[in-house]
Amino acid sequence: MDNGVTRRRVLTLLGAGVATLGAAGVAEADVDTAGRCRRIPRQGIGMHLYTVRNILNADPLGTLKALADIGYKCVGVSSFNRPAAEIRDMCAETRLNPVILHVAHADITGNWAAKLADAKTIGVKWVVLSSFPTSMYTVEGMRLGVQQLNEAGAAARELGMGMLHHNHDNEFRVVDGIRLSDILFGETDPRLVDFELDLGWASKAGMDGRRLFADNPRRFPVLHVKDHDAAGAWTDVGSGVIDFGRIFEMAQRAGVRYWLVERDDQPAPLDTARNSFEHLAALRF
């Protein structure tokens, strides 16, 4: 079998299907039996590059081209071991919009000006704190984190970018009778800090993304769309237990603009990319 020809044929068929979907748009979509007709805007379906990190760093331009061929329009930048200007140029060449850059806690507390300069060069809309150190997942630690996020967000805003925080499951722990996420959502300044909700980790923590959207309107411009099976193992979007259609019914209230696919393990990253894209492109909510 000629794998090259087979791959081109698959991508050609996928591209034709996606083109038809894009041309139809929401207004012309048939309403399904649940009364759903909304779809994710094509420009909003992206890939968080952590999902493809190994093949990305082995063949950065080839990997980005493969993602664009599948149909992705934007990316979240993470684990991309290239200078900022090269990342910008490769994204431009492949017509992938870099919407976020993940940063470490050490960046916002000790290297922030340099990291913001990288973010500005790449051209992202938001910088995203990927996580706090483990020792900070206490009530006192979260309150310190809120202060650090607000300060980092103020500096980002001066350069025309926003500041987001990305969750794992630790943010939803209850410590001394207080859920740590309540501190983050309630005490960060909404003029300076919003959130990239990781739906997979929130689900593992027993949280309902739909409820989080309802309780914190306009605070979630970016999502990590991540799925897991009944045993808690990561799987491709649409292959697990999370009801994304139900959650996305609240997307407008949440202020969602970008839906970025992510899978933390990467047994077959381009297969994950294709399977997850097909699910999101066809999803109605």
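The values are calculated or read from the model by the stated rules, or taken from the named source; none is laboratory data. On a predicted model such as this, the values are computed, not experimentally measured, just so you know. Every residue, glycine among them, receives a Cβ derived from its backbone with ideal geometry; neighbour counts consider all protein chains shown. Ligands, DNA and RNA are excluded from the accessible area calculation, which covers all protein heavy atoms including side chains. Shrake-Rupley method; radii C 1.70, N 1.55, O 1.52, S 1.80 Å.
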task = Sort 247-255, 48-56 for me by packing, meaning the mean count of neighbouring Cβ atoms within 10 Å per residue, highest on top.
result = 48-56, 247-255
key: Along each principal axis, Cα extent of the chain, largest first, Å   = 58, 46, 36
key: Principal axes of the stretch 133-222: Cα extent on each, largest first, Å   = 36, 27, 19
Calculated P(r) tail over 19 Å for the stretch 34-125, as whole % of Cα pairs = 40
note = For 93-106, 62-75, 132-145, 149-162, ranked highest to lowest by mean beta-carbon neighbours within 10 Å, the order is 62-75, 93-106, 149-162, 132-145
query = When you count, for each residue, the other Cβ atoms within 10 Å and take the mean per peptide, how do 258-265, 187-194 rank with the highest first?
reply = 258-265, 187-194
note = Partner aspartates and glutamates whose C-alpha sits under 18 Å from that of Lys204, ignoring same-chain residues fewer than 8 away, are Asp169, Glu171, Asp182, Glu196, Asp227, Asp229, Asp236, Asp243, Glu262, Asp264, Asp265
inquiry  = With θ taken as phi - 60° and the coefficients 6.51, -1.76 and 1.60, list the Karplus ³J(HN,Hα) couplings across the stretch 223-240 in order, rounded to whole Hz; mark glycine and proline as x.
reply    = 10, 9, 8, 9, 10, 9, 8, 5, 8, x, 7, 5, 8, 5, 4, x, 9, x
inquiry  = Under 17 Å from a point placed 7 Å out from the Cα of Asn150 along the Cα-to-Cβ direction: which residues of the stretch 83-120 have their backbone N that close?
reply    = 109
ask   = For Lys125, which lysines qualify as cross-link partners when the Cα separation must be under 16 Å and same-chain residues fewer than eight apart are set aside?
value = Lys73, Lys115
request  = Throw me the Rg/Rh for the stretch 149-285, computed over C-alpha atoms with Kirkwood Rh, two decimals.
outcome  = 0.98
ask   = Any idea how far apart Glu86 and Ala214 come out in nm if each label point goes 7 Å out from Cα toward Cβ?
value = 4.8
task = Would you mind telling me the share, in percent, of accessible area of the chain contributed by carbon and sulfur at probe 1.4 angstrom?
result = 49
